[in-house]
1. Suppose we filter segment 107-153 for residues that are charged (D, E, K, R) and assigned to a loop (DSSP other than H, G, I, E, B); how many remain?
2. Say we look at segment 349-359 and pick out the residues that are surrounded by 14 or more Cβ atoms within 10 Å (Cβ to Cβ) and not acidic (Asp, Glu); which of these is nearest to Ser387 (Cα to Cα)?
3. Among the candidates Ser310, Ser321, single out the residue that is closer than 20 Å to Asp456 by Cα, of a type in the set (Ser, Thr, Tyr), under 28 Å from the mean Cα position of the chain (by Cα) and not in a loop (DSSP other than H, G, I, E, B).
4. Looking at segment 419-434, is at least one residue among the β-branched types (Val, Ile, Thr), surrounded by fewer than 17 Cβ atoms within 10 Å (Cβ to Cβ) and within 20 Å of Met325 (Cβ to Cβ)?
5. Among residues belonging to segment 290-346 that are without any contact (Cβ under 8 Å) to a residue 60 or more places away in the chain and aromatic (Phe, Trp, Tyr), point out the one that is nearest to Phe395 (Cα to Cα).
6. Identify the residue in segment 8-47 that is in a strand (DSSP E or B), of a type in the set (S, T, N, Q) and under 26 Å from the mean Cα position of the chain (by Cα) and, among all such residues, is modelled with the highest pLDDT.
7. Yes or no: Pro399 closer than 19 Å to Leu453 by Cβ and out of contact with any helix residue (DSSP H, G or I) (no Cβ under 9 Å at 6 or more places or on another chain)?
8. Quickly run through segment 297-326 and pick out the residues that are polar (S, T, N, Q) and modelled with pLDDT of 95 or more.
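The values are calculated or read from the model by the stated rules, or taken from the named source; none is laboratory data. Since we're looking at a predicted model, the values are computed, not measured. Positions of Cβ are generated from backbone atoms using ideal geometry, with glycine treated the same way; all protein chains shown enter the neighbour counts.
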Amino acid sequence: MSADISQSIEAVLSRELKEFRSLLSCEQLSAGASQETWRIAFNTSAGGEAHLALRRSQPTAENGSAVGSITLDTEARLFQLAGAEGIPGPKIVYVLQPTDSLGSGFLMQWLDGETLGHRINRSEELASIRPALARQCGEILGKIHALDWNSAELDDALPCASPADLVDETWKLYQDLNVPMPMIDYTWRWLKNNLPTDHRMTLVHGDFRNGNLMVTPDGINAVLDWELAHIGDPVRDLGWLCVNSWRFGNRDLHVGGFGETDQLLAGYRDTSGIEVSLEALEFWQVFGSFWWAMATLQMANSWRAGETPSLERPVIGRRSSEAQMDCVNLLIPGRFPLPDTDLPLSDGTRLPMPAELLEGAATFLKEEVATRLDPHAGFLARVAANSLRIAQREFQYGPAAEKHERKRLETLLNQEDELDVLRWELVNQLRAGLPLDTPGLDVHLRQTVAGQLSIDQPHYSALHGSH
């Protein structure tokens, strides 16, 4: 953190906290799509050491975050509302003001616990509590959906969206990107045909998932990241928690990779008195993957446009194929062949081949550079290594995958043309009403998405077990 920002934080703490004596450190823990999280350590007047968390917008995203987000001021108010009703989370210490020269954000109580999804699912320390987490999630969501946002005067600060609104808004954002992704259009058509006909409108957290929960051996001690909160169908939260992207490899445990659906729904019923159907849950699970497939592309597009010069964003864009594969497995499951991934790096006459150059650079970043840097910089080095390996696989497997895709499209559409032209033709036909049960369409979509995912993230769980 720069000296100017450290001085600004010190000025805020000395003014707002009676127990503050001197600033010890400010450590950046994460930088998401638009939000930064920092750990602040300071000496107290009693002679001890205390900690706070700072959540603030990145300088390039002062007005909020990614798709559909609220302001950080509103997020702070939601933390306060939730805490007053017994929903676990940190206490808000101070909401930043323009005169603080720190942008928008807030200081909050520092809580200890695990927030990394793969550790929550695998840590020995959490083994005894893990079987109870799905039910706890259901209980907490029942409380969240009962929060009275009107009495907290949040009605004007929170967006309101029906299921139809969310589907159409998400698809419109995808259209604006001007990229042909037939599986996204196929999923949009399915969602339009299966919209909920009878639903409630409550406060929705919007990003309630493994990775936004803090867990200790005693259970969930914080619900974090309210930036996508809105007024809408509460089942969206339950479906989002079940999306495969947030199971962190534990595909068979449908709730966050740590629990079962019946446990989640039982906990929800206990606190809300409402029975959620599996059909409603499936709709929102499909929507969750559809939304994430679009949102990842939008993040990459903001990087391409120069709006967010982040190392992570272009790599996040390649995660769209993960979510599209989840849509495939939910809507058109079936067998699919995987490309030959045993091709040697040195396949060719040049010395070295491009794939070899990329392998050398990626290995250096991951095994040498990342291990010598601070945690945040080390994380970015690993992101850079991952980016190089995606490009490496594109060199190796991309030409064959595109050749097979083109042949399938020529058969499906009964025409010959360049690959991008054929992709757009299929997209336009889907938008014009091409029947979703058109012979060969499901096979083409399965194989195309699986082929792309083999390049983007070959170890993603949705790629395995169905071919």
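1. So the first thing to find is which residues in segment 107-153 are charged (D, E, K, R), and the list is 112, 114, 119, 122, 124-125, 130, 135, 139, 143, 148, 153.
Of the ones still in play, those that are also assigned to a loop (DSSP other than H, G, I, E, B) are 112, 148, 153.
Qualifying residue count for the region: 3.
2. Here the answer is Leu358.
3. Numbers: Ser310 fails: not in a loop (DSSP other than H, G, I, E, B).
The unique qualifying residue is Ser321.
4. Taking segment 419-434 as the starting set, the residues that turn out to be among the β-branched types (Val, Ile, Thr) are 421, 427.
When the remaining residues are screened for being surrounded by fewer than 17 Cβ atoms within 10 Å (Cβ to Cβ), the result is 421.
Subsequent filtering for residues that are within 20 Å of Met325 (Cβ to Cβ) retains none.
Within segment 419-434 (the criterion being among the β-branched types (Val, Ile, Thr), surrounded by fewer than 17 Cβ atoms within 10 Å (Cβ to Cβ) and within 20 Å of Met325 (Cβ to Cβ)), the answer is no, since none of the residues qualifies.
5. Taking the candidates together, the pick is Trp303.
6. To start, the set of residues in segment 8-47 that are in a strand (DSSP E or B) comprises 20-31, 35-44.
Those left that are additionally of a type in the set (S, T, N, Q): 22, 25, 28, 30, 35, 37, 43-44.
After this cut, where a residue has to be under 26 Å from the mean Cα position of the chain (by Cα) as well, the list is 28, 30, 35, 37.
Working: Gln28: 82, Ser30: 65, Gln35: 75, Thr37: 87.
The selected residue is Thr37.
7. Here the answer is yes, as Pro399 does meet what is asked.
8. Ser320, Ser321, Gln324
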